[in-house]
1. Please go through segment 1-18 and pick out each residue that is modelled with pLDDT of 90 or more and either outside any loop (DSSP other than H, G, I, E, B) or of a type in the set (Asp, Glu) (or both).
2. Can you say whether Arg43 is modelled with pLDDT under 75 and assigned to a loop (DSSP other than H, G, I, E, B), as far as the supplied structure shows?
3. Which residue pairs have Cβ atoms under 6 Å apart, sit 6 or more places apart or on different chains, and have a first residue in segment 13-28 that is among the small types (Gly, Ala, Ser) and a second that is surrounded by 10 or more Cβ atoms within 10 Å (Cβ to Cβ)?
Amino acid sequence: MRDAEVVFVGPAGNGRRVKLVSNALFVAQVGLAIDAVRLAGSRARWESRNDRSWLPYGMAAAPAAPSAS
């Protein structure tokens with residue numbers, strides 16, 4: 001896990017808004033990944049429920065946004 005970093009995002013309350021946007025983006029990314037696996041499985045006649053060994057090697061392992069440092 002990365003070290004925690006505090007980032008100033010503006011006046012009181014803005015941190016909560018940033019967290020909500022971050023959570024919404026995460027949920028959307030998970031939904032897209034699920035749909036992509038289902039589509040790939042249906043096209044290749046592949047049962048994705050049994051084989052997820054490839055996940056750590058794809059974009060799922062990449063950070064969602066580049067580091068600012």
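The values are calculated or read from the model by the stated rules, or taken from the named source; none is laboratory data. These figures come from a predicted structure and were not determined experimentally. Methodologically, a virtual Cβ is constructed for each residue, glycine included, from the backbone with ideal geometry; neighbour enumeration extends over all protein chains shown.
1. Passing the criteria: Asn14, Gly15, Arg16, Arg17, Val18.
2. Values: modelled with pLDDT under 75: yes; assigned to a loop (DSSP other than H, G, I, E, B): no.
Here the answer is no, as Arg43 does not meet what is asked.
3. Matching pairs, first to second residue: Gly15/Val9.
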